[in-house]
Structure formats: structure tokens, C-alpha cells
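The values are calculated or read from the model by the stated rules, or taken from the named source; none is laboratory data. From a predicted model like this one, the values you see are computed outputs, not experimental measurements. Keep in mind that these areas ignore ligands, DNA and RNA; they rest on the heavy atoms of the full protein, side chains included. Shrake-Rupley method; radii C 1.70, N 1.55, O 1.52, S 1.80 Å.
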Amino acid sequence: MDVETVLVPVDGSDASLTAAEYAVAVAAAYDASVHALYVFGEGVVRGLEGGDLDAEAVAAESESFMQEVHALADGVPVSHATAPGFSLSRLSHHPGGVVLDAADEVDADFLVVPREQVPDDGEAILERVAEYVVAHASQPVLSV
């Protein structure tokens, strides 16, 4: 198997940091790079669009988390981006679709997705991402 880019969606949680560790390990084994995609949950998207959240504070929080991901890299090249996992105007905008679209955009050959087990938490976006990505990805997927 040839792997050049490993994509890992993250959301600032401990589970997503663990997934980033796995992504770095996979990338190191294949001499590949990691692309971390910070996916914003519905509450953040609603808060930003409604003006209840400060965009600069949200950006600073996601950037701080991405610096943690970069610190894990230990020589593995890491790039990152952010994306809203939900849209208030497009009902078909699924966070899993966002991850798969990003995988296509960065030509990811391998995906590592965190599978959070927080059923009562409306912000447990990555659990929905994991289920969707495992079911629909054309790339190999490691769910951790």
C-alpha cells in the first residue's frame, strides 16, 4: 500500500488528539504527511453565524489545538485546515461529507478517525464523522 497523505479530523477533544497520534504513527511508517482537519460542531457554527461566539476566540482555540497536533509530529510533516461540520442553510451538509471532501481535496490515501462515545453530547461531532466515513470512504480507514 502506498500512503503519501494521512487525513485526521479533529475537534479539540482528547479523543481527536489520540487519533492525531495514530495518524502521525501511520504517516511515519509510510514516510507520509498528515493533514489535520479541525471540524467545527453545530453549536460553534450556530454561535458564529448568530454572533454569539467571537470568531477570533474560536480561531485561536482551534489554532492552539493544532499546535498540539504539530507538537506530536516528531519530524512528520503536518498541514492543517478548518471546516464547519454543519450548515444552517444546507440540510445535506454532513460532517462526514466534509471530511470525505477534504480527503479528496488533499489527495489523502489513508484516514484516521476518532470514534468518541458521548451519545448525550450534542457536540460529539466526530462520532457522527466516524460512522459516516467508515461507511463511505474509498480510502482505508482506521477508527480509534
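Structure values in brief
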| quantity | calculated |
| --- | --- |
| Per-residue SASA entry for H136, accessible area with 1.4 Å probe, Å² rounded to 10 | 110 Å² |
| Nearest-10 value in Å² for the accessible area of E4, using the 1.4 Å probe | 120 Å² |
| Rel. contact order, % - alpha carbon contacts under 8 angstrom, at least six apart, the chain | 31 percent |
| Karplus 3J(HN,Hα) series, Hz, for the stretch 18-32 with 6.51 cos²θ - 1.76 cosθ + 1.60 (x for Gly, Pro) | 4, 4, 5, 4, 5, 4, 5, 5, 5, 4, 5, 5, 10, 6, 10 |
| Solvent accessible area, Å² - M1, 1.4 Å probe, full protein context | 140 Å² |
| In order through the stretch 101-108: 3J(HN,Hα) via Karplus (6.51 cos²θ - 1.76 cosθ + 1.60), integer Hz, x for Gly, Pro | 5, 5, 4, 5, 4, 9, 6, 5 |
| Placed amide H near V34: partners under 5 Å, 5+ positions off or other chain | V6, V78, S79 |
| Mean ellipticity per residue at 222 nm, deg cm²/dmol - from DSSP H runs of n ≥ 4 across the chain, formula -39500 (n - 2.57) | -15000 deg cm²/dmol |
| Fluctuation leader among P95, P77, P114 - the chain, Gaussian network, Cα springs under 10 angstrom | P77 |
| Gaussian network model of the chain, Cα within-10 Å springs - most flexible of G97, G75, G41 | G75 |
| Amide hydrogen neighbours beyond the local backbone of L53, cut-off 5 Å, H modeled | L48 |
| Sulfur and carbon atoms: percent of accessible area, the chain [1.4 Å] | 48 percent |
| Solvent-accessible area per residue for the chain (1.4 angstrom probe, square angstrom) | 50 Å² |
